[in-house]
Structures are given as structure tokens and as C-alpha cells.
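S.K.: Could you have a look at this structure, given as C-alpha cells, before my questions?
What follows is calculated from the coordinates using simple rules that are stated; it is not laboratory data. Computed from a predicted structure; not experimentally measured. Neighbour counts run over all protein chains shown; Cβ positions are idealised from the backbone, glycine included.
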Amino acid sequence: MNPGTASPADGDTTAAVGRLDGLRQKADAGDAVARQVLRRSALGLARAVDLLAGLFDAELVVPGGAAWEPLAAHYQPVLDAGVGSLLALGGIHPVTAIGSTLGQNLGAIGAACLILNQAFAAQPSSLLVP
């Protein structure tokens, strides 16, 4: 596979994240086109976050994962400005997007929390009297 064309759709997420990091490096070096690409991408993410926050009536959204850490410096300002103001939800209650500090371990930690919750927390269905 050509790393220049890697995308998550190809099933090679690691290469796709590496490609995003290359774009970020160009933007950090002052490449105007790379900055514009990241800004447009961040606006798309802000719209998606706003839509999902409206769907779930969320007040806090925490983006994270392998791609978030290298892109956070470019994405967070756009999310701060856009989330909650793009759709109707902004008039109901504020929506905040705070980037995760868990980095690439976000998915593994979330999965572990679900397993521990299932194994050790009281389950409402088990509390019912037969």
C-alpha cells in the first residue's frame, strides 16, 4: 500500500494517522494549503460534534484517540469557536469540547472501563426480585 494514499477506509489506520501527522507538520511549518485543509477538516468535525451533541443532548464532548493528539493544536480552536454555535443546541445550553489527555490509549481505557463496570458494578437487572 502506498502510504501517500492511506486512509482508514483501507483498514490501515496507522498509516492514515501518519499521513495526518505529515499534514500537521506541513501546517506547523507554515504551509498555507495544509493549514486550510486542517481548518476545513476541523470545521467538519465541529459540525459532526454539534450534530451528535444535539442528538444526545450532551453538554460535554471529549474527542481523543490516535489522531487527536497530533491535530489537537489545529482542531481545538475551531471546536472552541464552532461547537454549540453551529446548530440550534447552542441556544438551549452550552456545548463544550475538551480534548482527551489519554492519547492513543483512549479506546483501550474505555473498553477496560466497560469490562470492569460489567464485572464489578451492580447491574439493575440482577437486583430484580424473580
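S.K.: Over region 3-118, calculate the relative contact order: mean separation of alpha carbon pairs under 8 Å at least 6 apart, over the residue count, as a percent. Working shown, then result.
M.R.: Numbers: 133 pairs, mean separation 27.9, N = 116.
Dividing the mean separation by the residue count of region 3-118 yields 24 percent.
S.K.: Then there is this: Along Cα→Cβ, 7 Å out, is where each label goes; now give me the distance between the ones at ILE92 and ALA122 in nm to one decimal.
M.R.: Spacing of the two 7 Å Cα→Cβ label points: 3.1 nm.
S.K.: Quick one: which of 92-104, 42-54 comes out on top by average Cβ neighbours within 10 Å, and what's the full order, highest first?
M.R.: Numbers: 92-104: 15.2, 42-54: 17.2.
In descending order of packing, they fall as 42-54, 92-104.
S.K.: Let me ask another. CYS113 to VAL33: FRET efficiency via 1/(1 + (r/R0)^6), r the Cβ-Cβ distance, R0 41 Å, to the nearest 0.05?
M.R.: Details: r = 40 Å, r/R0 = 0.98.
For R0 = 41 Å, the calculated efficiency reads 0.55.
S.K.: If amide hydrogens are placed 1.01 Å from N in the peptide plane, which non-local residues have theirs closer than 5 Å to the one on VAL61?
M.R.: Counting only residues 5 or more places away or on other chains, the set is THR96, ALA97, ILE98.
S.K.: Rounded if a/c is under 1.5, else prolate if a/b beats b/c, else oblate: with a ≥ b ≥ c from the C-alpha gyration tensor eigenvalues square-rooted, which is region 3-118?
M.R.: Details: a/c = 2.12, a/b = 1.16, b/c = 1.82.
Judged from the Cα gyration tensor, region 3-118 comes out oblate (a/c at least 1.5, b/c at or above a/b).
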